[in-house]
Amino acid sequence: MALADAQKHRLFAYRPETGEERYSSLLGVPILRGGRVLGVVVIQNQTAREYGDEEVEILETTAMVLAEMVAGGQITDIREARYDSEDAALPQRLEGRALSPGLAKGVAFIHQRRVAIDRMLSDDAVQEEARVRVALEALHIQLDAALERPDLSASGEHREVLETFRMFAEDRGWVRRINEAIHQGLSAEAAVQRVQEETRVRMSQASSGLLRERLLDFEELTNRLLRQLMGGDEDVGLQLPEHTVLVARSLGPAELLNYEAGALSAVLLEEGSANAHATIVTRALGIPLIGRVNGLLSRVDTGDDVLVDAANGVVYLRPGDELTANFDVALEAQGTRQETYRNLRDVPAETRDGHRVSLLLNAGLLADVNHLAETGAEGVGLYRTEIPFMMRATYPDVATQTSFYARVLDEAGDRPVVFRTLDIGGDKALPYLQSGAEENPAMGWRATRIALDRPVMLRHQLRALIRASGQRELSVMFPMVAQVSELDALHRLLDMEMERASGLGQELPDTVRVGVMLEVPALAMQLTNLLPRIDFLSVGSNDLVQFLFASDRGNPRLEGRYDSLAPAALIFLKNVCNSCRDAGTQLTVCGEMAGDPVAAMALLGLGYERLSMTAVSVGPVKAMVRSLPLEDLMAYQDRMLHSSAPSIRRYLQGFARDHGVEV
Ligand code: PEP
Ligand code: MG
């Protein structure tokens, strides 16, 4: 921003409490690294003046150097030092991980879960055992009632979450250990708490994230049982005032569902992770969620005003009028944007110069498939089948899988769905599949590699997919294929299942389309052999880029170091696109790149025509497509591919600005 008269700007705000001096002109540039804004460098002048190109350039260079220093850890995190000494009642800005997107404003409510026990010992073991039995029965009735809630009946995953939860409640081992503790002289409450402590110690040492998530479920269950023992669970159906921001250390799915979903504006957690059950439920209910907010509970009180920016993972506590007014502008803009995107639903995804593009949806929950109609996406370009597997305590049999896939296809109606076979292993552990610790799980025993070593699992999945398709089209996509010979082996398993189904006289899909994900760079060296064997190729840019740059996508120290818009990545992707065009093979991108408007623009500029993304990205990407002069971009971008810059993102942003492309 270069403003000669900053005070005239719509968003200008004077904050005397910061000790800021009055000024007229302002020049500010963002401190950017890998597309993320780390901060802003600003210069101000008391007299009104215009800033020239040279000054802008100097400040941009300064910001670039600062960005490298911040990323290299040479500048300490001032905010951290400040938090510790700050008076808790002052406005505060906290950061966490955005786990379910959106902006929200509301009043904090601290979720209570600690249960104080007043009677620790008992000499009547029989009576204490009976009390546990009665409390467990009441707990079962309560969980059953939660399962019957009408707003859950539409999407099966929530039910599965709760059912998993109920399974814990029926675990005989758990009840046995409680009874043993009672026989040692403890009261029912103290026995339940003792087993909780033991389990906590045992499970918290587990390195698996999934086990730790299950521990949270278990804690929630134990607390409910304790509340039953101590005179009823008064939390059930808890009424909250409207616009509540629920604050907790961690939250189980059933605890979340105890609250009236309509009253919840947002959820904030000290813990929480992307694949936790409660996260999946908030996302499906469309409630913004920020997790991993350090020190949250020590800084917030029930009744505090809170602003939640779950687009950027930022929370403002007790924000004050000016910040709230600015946030209101952002909220209003969010509303207007969503309205604009809704209006785009039925218009074609066509560039300004008349090129058609296909926008598809990435899904993993049945609830995601509902977004097809809402967004106007043409179909599901990536259905991540592992998500329902990860949410269960046991392996789903063929019948369970069949009914699930059939529901996905029914829900999608005429729109095609590409089912990706299980991409498990590595960080996506299944509780019922032992794979052992690995040093490099992302490059380890995962996905297709497991499928080829344990073919029964894949055969069951293919069997279910064939049955679920009936006489409809079936599209199957294999992840993490590194060699053509692997595809051949996978294809043989598919053929065997087709023959089996036909031998049993079952209905067969009217067409079977077979595709492969391009995630391992080596596969791109085999396109001549690969492409004639497949119906479609889909670029999994999340994995592809990490392998291309040998840069772990989950390592925070490498975050932003290698951009997917680096010339190396784009040249790679261009070659793939050219080969597919020559061979006439359908090509899609289904990694996160496809849903980022600037990166999506770059992909179109390389010649890609099909992009698959999460539901919330469809509107913004369509707005970009419709404002894009594609041929001009192609000419410009082709030249940029020879740049030695680490990323051409800034040039593309410049192109978008100059040509009125909405990114
Ligand atoms: C990818 O790697 O780009 C991809 C879509 O798969 P996932 O993110 O599920 O690994
Ligand atoms: Mg992948």
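The values are calculated or read from the model by the stated rules, or taken from the named source; none is laboratory data. Predicted model only: the values in this text are computed from it and were never measured. Cβ coordinates were reconstructed from backbone atoms using ideal geometry, including for glycine residues, and neighbour counts include every protein chain displayed. Keep in mind that these areas ignore ligands, DNA and RNA; they rest on the heavy atoms of the full protein, side chains included. Shrake-Rupley method; radii C 1.70, N 1.55, O 1.52, S 1.80 Å.
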Test: D346 is touching a residue at least 24 places away in the same chain (Cβ under 8 Å) and open to solvent by 40 Å² or more (accessible area, probe 1.4 Å): yes
Step by step: first the residues of segment 489-509, then only those that are touching a helix residue (DSSP H, G or I) at 6+ places or on another chain (Cβ under 9 Å) and open to solvent by 70 Å² or more (accessible area, probe 1.4 Å), then the one that is nearest to R446 (Cα to Cα). Which residue is that? M496
What pairs come out if I take residues in segment 43-56 that are over 12 Å from E20 (Cα atoms) and pair them with residues that are open to solvent by 60 Å² or more (accessible area, probe 1.4 Å) and not in a strand (DSSP E or B) whose C-beta lies under 6 Å away, six or more apart or interchain? A48/D5
Please return the ranges of helices (runs of 4 or more DSSP H) entirely within segment 577-658 where 2 or more residues are open to solvent by 30 Å² or more (accessible area, probe 1.4 Å). 615-626, 630-640
Wholly inside segment 386-488, helices (runs of 4 or more DSSP H) that include 2 or more residues that are open to solvent by less than 50 Å² (accessible area, probe 1.4 Å), away from ligand 1 (no atom under 15 Å from the Cβ) and within 16 Å of A363 (Cα to Cα) are 398-412
Condition first: open to solvent by 20 Å² or more (accessible area, probe 1.4 Å) and either touching a Phe, Trp or Tyr at 6+ places or on another chain (Cβ under 8 Å) or within 15 Å of ligand 1 (Cβ to nearest atom) (or both). Now tell me which residues in segment 525-544 satisfy that. N542
Residues in segment 567-585: is at least one touching a residue at least 40 places away in the same chain (Cβ under 8 Å) and touching a Lys or Arg at 6+ places or on another chain (Cβ under 9 Å)? no
Of all residues in segment 537-563, count the ones that are touching a Gly at 6+ places or on another chain (Cβ under 8 Å) and within 16 Å of ligand 2 (Cβ to nearest atom). 9
Within segment 554-565, identify whether any single residue is within 12 Å of ligand 1 (Cβ to nearest atom), in contact (Cβ under 8 Å) with a residue 24 or more places away in the chain and open to solvent by 10 Å² or more (accessible area, probe 1.4 Å), and answer yes or no. yes
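Against the condition out of contact with any Asp or Glu (no Cβ under 9 Å at 6 or more places or on another chain), small (G, A, S), within 15 Å of ligand 2 (Cβ to nearest atom) and not in a strand (DSSP E or B), how does S502 come out, does it pass?
no
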With criteria (1) touching a helix residue (DSSP H, G or I) at 6+ places or on another chain (Cβ under 9 Å); (2) more than 16 Å from ligand 2 (Cβ to nearest atom); (3) not hydrophobic (A, V, I, L, M, F, W, C), R420 comes up short on (2)
